[in-house]
Amino acid sequence: MTPFSLLAPAIARDVLDHALALGADFAELFVERKRRSQLSLLSSQIENISGGLDFGIGVRLCYGHKVLYGYTNQASRDELLRIVTLLAAKDRRDPVVTATAFDFTRLSDRNPVALPLSADKLLEQKIAYLHAMDAVARAESSKVSQFSGNVLGWEQEVEIFNSEGVQVADRRHYNRIMAQTIAMEGSEQSVGYEAPGALMGWEHAERIDPRELALTATRQALVKLGAAPCPSGTLPVIMENGFGGVIFHEACGHLLETTSVAKKA
């Protein structure tokens, strides 16, 4: 993994020391730089090619169970010290803990990337990929009225510093290819959608045949177009093993997360 530094450790040290000097029990900096790129096809034409670079720093202070948070897109010492001072304005007190020296850790690369966004020179390949999906979808049936395709990629660099000595860096990659087909017959319309993603660069496309991806979305739309209406009324709900955990989390888990537990809510 190529080394990178988003914030000078000396600045991070000064900011965390300032937070503890104002009485915080714990202080943390989350630094992020994110490149992103998206290509979109609609009506057999490339509709949009966009990209950007986002940067920001989050500052978190803890006073007992109280958590304070602020953020900025400036990496200067003065700006970060100003944010800490503002956050601590109502809770400042004499120091209660001392900082620990940074112990730098670089995470192992669990998802090695061959074609990262930062070195991506494959615009023409991506355009050809989208056109290939479009051609296959439209050739499958005269009932296909519209096809849209998207290629989304991002590369996220993260550094975390905290008052307990953590200094850790990580680089994360993501790629997603989306295919959507609209089929029509008379006044009836249906949609098919398939969007595989992976923690990879553009080499992800080597695993996904554009023809098969477009056919999957198109056949979904065609099957639904000829399907019988869904019955109404009270119906049984069947959940396979594993998905019940998702339902429980959304219904109950958010109420049991760490902040509420810590406050004995």
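The values are calculated or read from the model by the stated rules, or taken from the named source; none is laboratory data. On a predicted model such as this, the values are computed, not experimentally measured, just so you know. As a convention, Cβ positions derive from the backbone with ideal geometry for all residues, glycine included, and neighbour counts pool all protein chains shown. Only protein heavy atoms, including side chains, enter the accessible area calculation; ligands, DNA and RNA are left aside. Shrake-Rupley method; radii C 1.70, N 1.55, O 1.52, S 1.80 Å.
The set of residues from the range 240-262 being charged (D, E, K, R) and open to solvent by less than 90 Å² (accessible area, probe 1.4 Å) comprises just one member, Glu257. Among residues of the range 1-20 that are of a type outside the set (A, V, I, L, M), those with a Cβ under 6 angstrom from a residue that is at pLDDT below 95 and open to solvent by less than 10 Å² (accessible area, probe 1.4 Å), sequence gap 6+ or separate chain, pair up as Phe4/Glu157.
Among the criteria (1) more than 27 Å from Leu6 (Cα to Cα); (2) open to solvent by 80 Å² or more (accessible area, probe 1.4 Å), the one Thr98 does not fulfil is (1).
Scanning the range 189-208 for residues that are assigned to a strand (DSSP E or B) and buried (at least 21 other Cβ atoms within 10 Å of the Cβ) yields one hit, Gly192.
When you look at Ala262, is it under 30 Å from His131 (Cβ atoms) and touching a residue at least 40 places away in the same chain (Cβ under 8 Å), yes or no? Criteria not met by Ala262. For the range 109-134, taking the residues that are polar (S, T, N, Q) and open to solvent by less than 80 Å² (accessible area, probe 1.4 Å), the one that is farthest from Leu6 (Cα to Cα) is identified as Asn111. Is the range 225-234 home to any residue that is of a type outside the set (Lys, Arg), closer than 25 Å to Ser108 by Cβ, in contact with a Lys or Arg (Cβ under 9 Å, 6 or more places away or on another chain) and surrounded by fewer than 21 Cβ atoms within 10 Å (Cβ to Cβ)? No - not one qualifying residue is present in the range 225-234.
Would you say Ala89 is more than 22 Å from the chain's Cα centre (by Cα), modelled with pLDDT of 95 or more and open to solvent by 20 Å² or more (accessible area, probe 1.4 Å)? It is true that Ala89 is more than 22 Å from the chain's Cα centre (by Cα), modelled with pLDDT of 95 or more and open to solvent by 20 Å² or more (accessible area, probe 1.4 Å). Does the range 47-62 contain any residue that is open to solvent by less than 50 Å² (accessible area, probe 1.4 Å), part of a strand (DSSP E or B), in contact with a Cys (Cβ under 8 Å, 6 or more places away or on another chain) and farther than 30 Å from Trp202 by Cα? Looking for residues that are open to solvent by less than 50 Å² (accessible area, probe 1.4 Å), part of a strand (DSSP E or B), in contact with a Cys (Cβ under 8 Å, 6 or more places away or on another chain) and farther than 30 Å from Trp202 by Cα, one finds none in the range 47-62, hence no.
A count restricted to the range 73-109 and to residues that are of a type in the set (Lys, Arg), part of a loop (DSSP other than H, G, I, E, B) and in contact (Cβ under 8 Å) with a residue 40 or more places away in the chain stands at 2. Which ones in the range 191-206 are within 19 Å of Gln220 (Cα to Cα) and aliphatic (A, V, I, L, M)? Matches in the range 191-206: Val191, Ala195.
For the range 140-188, a residue qualifies if it is surrounded by 20 or more Cβ atoms within 10 Å (Cβ to Cβ), free of Cβ contacts under 8 Å to residues at least 40 places away in the same chain and touching a Gly at 6+ places or on another chain (Cβ under 6 Å), and exactly one does: Asn175.
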